[in-house]
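A short write-up of the structure that comes next.
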Amino acid sequence: MGFTPAQLPTAQVGQPYDVLIRVTHNRTPVDSAVVDGGALPPGLVLEKAPNGVGARVVGRPTRAGTASFTVHVTCFGTNVTGQSGSRSYSLVVRP
């Protein structure tokens, strides 16, 4: 299972942020997406993307800094090899 982008774009405090993390090489659509380790910057959340294509990081960051976290996705039919996976990210929030 692959995840794109490899690095998340920089965010800015108080500005809208909406980035798609696309999941590739999966056989069925994404069923769930969660933060599994670390934490998103305050003001941002992770949600499942429409049409089961991956996950989205959305919101308005409220504090500058760097956050490190792991995104874990599970696809429908997890009894099929390659239907779940994780990727670690760092997200910089500028003032």
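Each reported figure results from applying straightforward, stated rules to the coordinates on display, with no laboratory input. Nothing here was measured: the structure is a model prediction, and the numbers come from that model. Cβ sites come from the backbone with ideal geometry, for glycine too, and all protein chains shown count toward neighbours.
What to note about this one:
- Residue list for the range 1-26, restricted to those being among the charged types (D, E, K, R) and in contact with a Gly (Cβ under 7 Å, 6 or more places away or on another chain): R22
- Tally, over the range 4-17, of residues that are surrounded by 11 or more Cβ atoms within 10 Å (Cβ to Cβ) and more than 13 Å from V93 (Cα to Cα): 2
- The C-beta contact set for the range 20-33 (first residue of a type in the set (D, E, K, R), second residue loosely packed, with under 14 Cβ neighbours inside 10 Å and assigned to a strand (DSSP E or B), distance under 9 angstrom, 6+ apart or interchain) comprises R22/G2; R22/T4.
- Test for V57: is it in contact with a Leu (Cβ under 7 Å, 6 or more places away or on another chain), within 15 Å of P5 (Cβ to Cβ) and buried (at least 20 other Cβ atoms within 10 Å of the Cβ): yes
- Taking the criterion of being in contact with a Pro (Cβ under 9 Å, 6 or more places away or on another chain) and crowded, with 20+ Cβ neighbours inside 10 Å, the residues of the range 41-54 that qualify are P41, L44.
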